[in-house]
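K.L.:
I have a structure I would like to understand better, so I am pasting it below and will then ask my questions one at a time.
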Amino acid sequence: MGGDRLKIVLSLTPPLLIIGTLFFGGILYGFLQSLGYQPAIGKYDINFDAYYNVMFSERYAKLFWTGLGLNLWVSFVSTFLAAAFALFGALAIRKTFFAKKICNFIFSLNLPMPHLVVAVGMIFVFSQSGLLARFFTQIGFISSPSDFPILVKDKYGLGIILAYIWKEAAFFFIILMSVLQSLGENFEELAQSLGANKWQRFRYVILPLVMPNLFSASIIVFAFSFGAYEVPAILGVNYPQMLPVMAFEFFLNPDLNARSEGMALSMIIALIVMILVVIYFRLTQSKIRKD
């Protein structure tokens, strides 16, 4: 037994060492740059000026706090709505009926689709020059495509939220379907025999049983949407910008001194995401111990 464990450890050590070096090395390098350490341009002093400039300076403070607010708004709303949509979809089609496989296929169709493709699809479908705007113009619902509501490139991030709901609902759906099918219907039938109606069965039976998995998946989706770049970059506006887009613009600045502010923003994003990951692992570990 000891020899088998030693073989497993030895076989996993090289890839884990490479992954750990690249990951923690990148985090350390980024953290040092966020503290102003940039030997390439002759900066060796360690300080927190970049963090102060990003969060409290007159030039960047408003951009940062509005961007952080937009980040939290988009991540929370898209995660909540995607989870709710997937939950009610899974509850609606979990029972066996003739179109169950078709519904599963349609619901999971966008699961392998890259977020970049989803963002471009949002422009083609929901923009004021997109398919829906032209369709409603043709049937006379609106007088011109410009009358279509602004759902893409809007300051409230509605297009970004729609893209994340479209993409992440499938992820929630796969998890919830597996949980619901493993639970069966015995608990609901027992509650029904005791006089519980549909809402009471959902509120007091189904929801508590799926909530641990739903909450864990929500943390993953929230962390991803909080730190993702491509969808906000394509569907967002110049102001307010989400933090990953703002950080990338610091990196594109020809002035290399702005690299510290970009790294400081990246470290703030990484810190928030890591906190969510720690919460996720704590929840999963507590669930394993309970089981």
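Each value in this text was obtained by applying a stated rule to the coordinates, not by laboratory testing. Model, not experiment: these values are computed from the prediction. Positions of Cβ are generated from backbone atoms using ideal geometry, with glycine treated the same way; all protein chains shown enter the neighbour counts.
K.L.:
Stokes-Einstein at 4 °C, 1.567 mPa s, Kirkwood radius from Cα pairs: D for the chain in µm² s⁻¹?
P.N.:
The diffusion coefficient I find is 58 µm²/s.
K.L.:
Would you mind computing Rg(Cα) / (2.2 N^0.38 Å) for the range 19-65, counting N as its residues?
P.N.:
1.37
K.L.:
Mind sorting Met113, Met177 by how few other Cβ atoms lie within 10 Å of their own Cβ, fewest first?
P.N.:
Met113, Met177
K.L.:
Using Stokes-Einstein with the Kirkwood hydrodynamic radius over Cα pairs, what translational diffusion coefficient do you get for the range 211-291 at 10 °C and a viscosity of 1.306 mPa s, in µm²/s rounded to a whole number? Don't skip to the answer; put the middle values down first.
P.N.:
Numbers: Rh = 14.3 Å.
Rounded to a whole number, D works out at 111 µm²/s.
K.L.:
Using only the alpha-carbon atoms of the range 54-213 as identical scatterers, what base-10 log of I(q)/I(0) does the Debye formula give at q = 0.10 Å⁻¹?
P.N.:
Treating every Cα as an identical point scatterer, log10 I(q)/I(0) equals -0.55.
K.L.:
For the chain, compute the number of Lys pairs whose alpha carbons are separated by less than 28 Å, excluding pairs fewer than 8 positions apart on the same chain.
P.N.:
Taking the chain as the scope, the lysine pair count is 14.
K.L.:
What is the Cα convex hull volume of the range 139-291 when expressed per residue in Å³?
P.N.:
Numbers: hull volume 25.7 nm³, N = 153.
Expressed per residue, the convex hull around the Cα atoms of the range 139-291 is 168 Å³.
K.L.:
Kyte-Doolittle cut-off -0.5, length cut-off 20 Å along the helix's own axis using Cα: show which whole DSSP H helices in the chain pass.
P.N.:
Qualifying helices, which must be both long enough and hydrophobic enough, are 2-34, 61-93, 158-183, 207-227, 259-290.
K.L.:
Using θ = phi - 60° and the Karplus curve 6.51 cos²θ - 1.76 cosθ + 1.60, what whole-Hz ³J(HN,Hα) does each residue of the range 145-152 get, with Gly and Pro shown as x?
P.N.:
Using θ = phi - 60°, the values come out as x, 5, 7, 5, x, 6, 10, 10 Hz.
K.L.:
List every residue whose amide H lies under 5 Å from the amide H of Lys43, counting only residues 5 or more places away in sequence or on a different chain, with H placed 1.01 Å from N in the peptide plane.
P.N.:
When sequence neighbours closer than 5 places are left aside, the close amide H contacts are Gln38.
K.L.:
Normalised by the empirical 2.2 N^0.38 Å for globular proteins, what value does the Cα Rg of the range 116-159 take? It would help to have the intermediate numbers written out before the result.
P.N.:
Working: Rg = 10.5 Å, N = 44, 2.2 N^0.38 = 9.3 Å.
Compactness ratio reported: 1.13.
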